[in-house]
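Asks: Got a structure for you, written out below as structure tokens; questions coming shortly.
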Protein chains: 2
Amino acid sequence: MVTKNQKKLIRGLKLKKNRKTHGLFVAEGLKVINEFLEASLQLKHLFVLNEFCHLYPSVNQDLINIISESDLKQLTFLTTPQKAFAVFKIPNSKIPNPNSGLQLALDDVNDPGNLGTIIRLCDWFGIEQLICSQNTVDCFNPKVVQATMGSLTRVNILYTKLEDYLKQSSLPILGTFMEGENIYKTTTPKKGILIMGNEANGISPEIKKLTTQKISIPRFGITQKTESLNVATATAIILSELKSATLR
Amino acid sequence: MVTKNQKKLIRGLKLKKNRKTHGLFVAEGLKVINEFLEASLQLKHLFVLNEFCHLYPSVNQDLINIISESDLKQLTFLTTPQKAFAVFKIPNSKIPNPNSGLQLALDDVNDPGNLGTIIRLCDWFGIEQLICSQNTVDCFNPKVVQATMGSLTRVNILYTKLEDYLKQSSLPILGTFMEGENIYKTTTPKKGILIMGNEANGISPEIKKLTTQKISIPRFGITQKTESLNVATATAIILSELKSATLR
């Protein structure tokens, strides 16, 4: 049973300002919810169809609410409702060391699907620190949470003033620019911070000034008309190059 | 002005069976429409806001209809209507040579966003032939058309019985499998057909039998929990490796 107040709270969590006020976010589906439970995130409410509630023996039973299909349909942020719907506390980010390892930084990435894909890529390529500018889409946006498929629990994400963060680092700072060096031919560092820019505008001028190496993915197609690559696809290609360089 | 019959026709074009019956598809937005006009696709109807109709001096004026914002809002397949809406004739695919160059083949890719990204990647990496199994999502699906940003005009896409097509080829046939060779360490051919599989099930057993080289993208993350990469992201990484191998 979902109370009126719970419905109101949950609907509100679609918006970043309400997620911030309450410190809560929503996860949907047995698999995604499990990933957060396993990562020991603090559960606030679990709404689950009767036939699946036996899946949660180790969850504090006071937090479990049996829900009807029609209520789930009302609550869901997805096109197709899942079998369970949960509200978790937003965990605190660890403050990363700006001089450690290979990090990824996003300069105002806007699209939730792109951020979700990028978080999965960080998880795949072992990038533990993802630094997001304050205008980057919120990683607890419901679309991002669903797109990351649990990777969100394995990547430390910090929202901060990107310029200040980069100024604290003595690592090489790589940015992708049309005029950059061919990523397949240049030598890239093992440690550094890779910056990926906004979908429409790329890397902002203030951040560009702080880059120490400009790289680019060359176009192989014969025409010059090809649009630039999508930011998530470009991130995939560059992380693949940076990480595989350590193997070659 | 949009007639009732035109509205009915256009609404129908959301479905593959109607696109097939009429041989027509929809493109939205000045930029996307322009790409199809420049590629000399046959225009059937162009609906455009009054203030933008001067942009089409070389289009047969009988095909241009001034449309109101409210009619555009009714017609659009997108969340935000664009300034123009066009109906084009679906062009004939050229029959590709199964023994030429580097080709990409899709074994039942379902998601329109993924197919759109993959078509853009083909354009970027100069892959001229994209072979799709008959259950792969239709490339004239409105979501695919919009996601390709014009790349659809520069890649030849053939829907066919994939098994038969591959049997005609004497090229190496590469497939991605968990147990495949590390893509960063193995030698890959310059000419060949790369197969990418369905989002949930990967490459089907009948197609697997026809592969001559099994490859994989190794996971760098420390945990074994990371989900497999999304098919579009994996395609980006593998095409990048195959094409850059020719440069190293």
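Readers should treat all values here as calculations from the given coordinates under stated rules, not as data from a laboratory. What you are looking at is a predicted structure, and each value in this text was computed from that prediction instead of being measured. Every residue, glycine as well, gets a Cβ built from its backbone with ideal geometry; the counts of neighbours run over all protein chains shown.
Asks: Given a cut-off of under 8 Å on Cα pairs at least six residues apart, what relative contact order in percent is computed for chain B? Each step should come with its number before you reach the end.
Replies: Details: 429 pairs, mean separation 47.5, N = 248.
Across chain B, relative contact order equals 19 percent.
Asks: Report, to the nearest 10°, how far helix B:231-244 tilts away from the longest principal axis of the Cα atoms in chain B, using its own Cα long axis and a range of 0 to 90°.
Replies: 70 degrees
Asks: How big is the antiparallel share of DSSP beta bridges in segment A:102-244, given as a percent to the nearest 5?
Replies: So the antiparallel bridges amount to about 5 percent of the total.
Asks: Let me ask something else about it. What order do you get for B:89-100, A:109-120 when each peptide is scored by the mean count of other beta carbon atoms within 10 Å, highest first?
Replies: Ranking the peptides B:89-100, A:109-120 by packing returns A:109-120, B:89-100.
Asks: Across segment B:122-248, how many lysine pairs separated by 8 or more positions, or lying on different chains, have Cα atoms within less than 13 Å?
Replies: 5
Asks: Give the Cα extents of chain A along the principal axes, in whole Å, largest first.
Replies: Taking max minus min along each principal axis of the Cα atoms, chain A gives 59, 40, 35 Å.
Asks: Okay, moving on. With the cut-off at 1.5 for a/c, could you classify segment B:191-248 from its C-alpha gyration tensor as rounded, prolate or oblate?
Replies: Note, shape of segment B:191-248 comes out oblate.
Asks: Now a separate question. Mind checking A:214-222 for the average number of partner chain beta-carbons within 10 Å of each residue's beta-carbon? Could the numbers behind the result be given before it?
Replies: Working: counts 0, 0, 0, 5, 5, 4, 12, 12, 4.
Averaged over the peptide's residues, the number is 5.
Asks: Follow-up question, since we're still on this one. Okay, helix-only estimate at 222 nm for chain A: each DSSP H run of n ≥ 4 adds -39500 (n - 2.57), divide by all residues, round to 500 deg cm²/dmol; what do you get? Provide the component values of the computation, followed by the final result.
Replies: Values: 9 runs with 77 residues, N = 248.
For chain A, the value works out to -8500 deg cm²/dmol.
Asks: For segment B:122-219, what is the Kirkwood hydrodynamic radius in Å, using each pair of distinct C-alpha atoms?
Replies: Across segment B:122-219, the inverse of the average 1/r is 14.7 Å.
Asks: Pull out a ≥ b ≥ c, the square roots of the eigenvalues of the alpha-carbon gyration tensor of segment B:38-138, then state rounded if a/c is under 1.5, prolate if not and a/b is larger than b/c, and oblate in the remaining case.
Replies: Note, shape of segment B:38-138 comes out prolate.
Asks: Also, I was wondering about something else. Using r as the Cβ-Cβ distance of A:LYS4 and B:THR79, and R0 as 22 Å, what FRET efficiency do you calculate, to the nearest 0.05? Can you show the working numbers first?
Replies: Values: r = 30 Å, r/R0 = 1.34.
It comes to 0.15.
Asks: Let me ask something else. What Kirkwood hydrodynamic radius, in Å, does the protein assembly as shown give when the mean of 1/r is taken over all pairs of distinct Cα atoms and then inverted?
Replies: Working: mean 1/r = 0.0407 Å⁻¹.
Final number for the Kirkwood radius of the protein assembly as shown is 24.6 Å.
Asks: Antiparallel versus total DSSP beta bridges in the protein assembly as shown: what percent is that, nearest 5?
Replies: Of all bridge pairs located within the protein assembly as shown, approximately 30 percent are antiparallel.
Asks: In segment B:1-142, what percentage of the DSSP-assigned beta bridges are antiparallel, given to the nearest 5? Before the final figure, lay out the partial values.
Replies: Numbers: 10 of 17 bridges.
Counting only bridges with both partners in segment B:1-142, antiparallel ones make up about 60 percent.
Asks: Cα to Cα, under 19 Å, and not fewer than 8 places away if on the same chain: which aspartates and glutamates meet these conditions relative to A:LYS17?
Replies: Partners within reach: A:ASP108, A:ASP111, A:ASP138.
Asks: Here's a follow-up. Given axes a ≥ b ≥ c from the Cα gyration tensor, I'd like to know whether segment B:4-89 is rounded (a/c under 1.5), prolate (a/b larger than b/c) or oblate.
Replies: Cα axes put segment B:4-89 in the oblate bin.
Asks: Along segment A:179-184, what does the Karplus equation 6.51 cos²θ - 1.76 cosθ + 1.60 (θ = phi - 60°) give for ³J(HN,Hα), rounded to whole Hz, x for Gly and Pro?
Replies: So the Karplus estimates, Gly and Pro as x, are 8, x, 6, 4, 4, 7 Hz.
Asks: Can you list the distances in nanometres, one decimal and ascending, from the B:SER70 label point to the identical position in each other copy, with the point 7 Å along Cα to Cβ?
Replies: Label-point separations across copies, in nm and ascending: 3.5.
Asks: Could you name the residue in chain B with the C-beta closest to the rotation axis that superposes chain B on chain A, along with the separation in whole Å?
Replies: Per the B/A rotation axis, the closest residue of B reads B:ALA236, 2.
Asks: How far is the Cα center of segment B:27-45 from the Cα center of segment B:131-170, in Å?
Replies: Answer, in whole Å: 19.
Asks: Considering only the label points, 7 Å along Cα→Cβ from Cα, what distances in nm to one decimal separate B:LEU247 from the same position in each other copy, shortest first?
Replies: Here the equivalent label points are 1.9 nm apart from this one.
Asks: Additional query: Over segment B:102-244, what relative contact order in percent results from Cα pairs under 8 Å that are six or more residues apart?
Replies: Computed over segment B:102-244, the figure is 30 percent.
Asks: While we're looking at this one, here's another question. Mind giving me the nanometre distance, one decimal, between the label points for A:GLN213 and B:GLU206, set 7 Å out from Cα along Cα→Cβ?
Replies: 4.7 nm
Asks: How well do other chains shield peptide A:119-131, expressed as the mean number of their Cβ atoms within 10 Å of each residue Cβ?
Replies: 4
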